[in-house]
Amino acid sequence: MGYEQIAAVDLGSNSFRLEVGRVVENQIYPLDSLKEPVRLASGLSREKILNDEAQQRGLETLSRFAERLRGFQPQAVRAVATNTLRVAKNAALFLQKAEAALGFPIEIIGGREEARLIYIGVAHAMPPTRQKRLVVDIGGGSTEFVIGKKVEPLLMESLFMGCVSFSLRYFPDGKIDKKRFFEAEVAAARQIEIIANDYRVFGWTEAVASSGTAKAVADILEINNLNPDGATGITREGLDKLKSQLIRAGSAAGLKLGGLRADRAPVFAGGVAILCAVFSTLGLARMVYAEGALRLGVLYDLLGRFHQHDMRDTTVQQFQRRYQVDLKQVARVERTALQLLGQLVPIDQPEHESEVRFLRWAVGLHEIGISIAHGGFHKHGAYIIGSADMPGFSKKDQEKLSLLVLAQRGKMEKLPLIPSADPLWRMIFCIRVAALLHRSRDDLLQPPLLVKASASGFQIEIPAKWLQENPLTAGALAEEAQSWEKVGWQLRLRRRSATVAQE
């Protein structure tokens, strides 16, 4: 890979973070980090609308991050957004402004994808072990639970509770009493109970806590000697003492203990209540604290993509096995689709690498809907891709793949509005024509096609003799031309004879 430095941007519900790493022999060494307590989740209304003040705080922070990222290539930066932007109804509008401020694309990732990346980050920040680890990450708007082994996450869940959302709900004025804390802890425990049995059965040897709440609690317990026998990390006894002192103080700001930073105090009580519920519900005695978490996981995932260990490829393969995809048919359609795309753009150039990858993934998944029903299988497949947890893929990636699978056949009027210059049109053309030509699902040689693109559409030049010998496909191609015409595009079919090409 050609990048000495790579960067991750984490648009969390509580804080925005930037991590810059130096790559040395497949290892990432932290080089620089920035963190700002944006508290995006505090700007989320009951109607799930992100208010202007929170948006402005986020945009100002991203503008500062943009200065640090000046000179980075797009492929060397990955920016991800988590729970608040997963649920905000106006997330798309904010994202446009956020990408303009940062200067790089921003992905909204799903809860289980966040959990996967968190585990990867924690695993790379801790000494290697053959034992299973439980990792719990309390964020601003969600809490992730992962059990993994070595650097592979095995069981992942994301619950809709975080230090910002719980602090706003149960301690809105910052005041803490026994009744409020009890209500917050019980609410968190109820959510954890939903997954607790599966996690206990799966089992773990070591419990790890990551991110801001865990760091703040671990620091306070160690600095103030609240853990028994000088133990490090977070212990059940230490956490109980902290809880009692927090209730006695009546607010986080009034806590007479060293180690609590001013920027953490407003969301501290909600985080501690969730952590207490984690300990009680999962029966924990101690958790160690680990640095890294999401942003380091993003960096290592990005590094893996450079070395052709892209998790997205693995996910496509897993889906193919799960939905019993005919891999021979995938190979046929992919070969033809890439041949067509190669005539439209230079697919060996870096600027078209993403287009090639998405076309391959779409073809790899284009028949997963057959496992549900053959009738309308493209619709079933599109729904699966749009709704499933797909490790490595952002929500935007999944929307793009879902659209390509939906577009592979049938009426094109069903497609959403796509700008005429969008490369998606090329991919739609290639997957539709390739799937059409391989409808017979055999290994007979396909005709030598010559394709061109124009401002108004596409042109296919095909041997006249082959069309005469294959009237079913000839008729399907004619119908395909009519489908394109209905959405304002022109698909011209030219029959090529041995001596002359004609309309």
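Here are some notes:
- Computed from point charges on the beta carbon alone (+1 for Lys and Arg, -1 for Asp and Glu), the dipole magnitude for segment 310-445 about its Cα centre is near 460 Debye.
- Long pairs among Lys395/Lys486; Lys150/Lys241; Lys89/Lys400, criterion Cα-Cα beyond 26 Å: Lys395/Lys486; Lys150/Lys241
- Loop-located trypsin sites (Lys or Arg not before Pro) in segment 185-283 whose Cβ has at most 11 other Cβ within 10 Å (DSSP): Lys256
- Arranged from fewest to most other beta-carbon atoms within 10 Å of their beta carbon, Arg494, Arg70 become Arg70, Arg494.
- Helix 52-68 axis, angle to the chain major axis (alpha carbon atoms, nearest 10°): 80
- Helix-derived mean residue ellipticity, 222 nm - over the chain, DSSP H n ≥ 4, -39500 (n - 2.57), to 500: -15000 deg cm²/dmol
- Simple rule: put +1 on each Lys or Arg Cβ and -1 on each Asp or Glu Cβ in the chain, find the dipole, and look at Val451, Phe202, Met287; the Cα lying farthest toward the positive end is Phe202.
- Cα-Cα over 32 Å, subset of Lys149/Lys175; Lys35/Lys396; Lys149/Lys379; Lys132/Lys379: Lys149/Lys175; Lys149/Lys379; Lys132/Lys379
- Within the chain: Cβ-based charge dipole about Cα centre, in debye rounded to nearest 20 (Lys, Arg +1; Asp, Glu -1): 640
- Among Arg17, Arg68, the ranking by other beta carbons within 10 Å of each residue's beta carbon, starting with the fewest, stands as Arg68, Arg17.
Coordinate-derived values only; no laboratory data. Not measured: the values here are computed from a predicted model. Cβ sites come from the backbone with ideal geometry, for glycine too, and all protein chains shown count toward neighbours.
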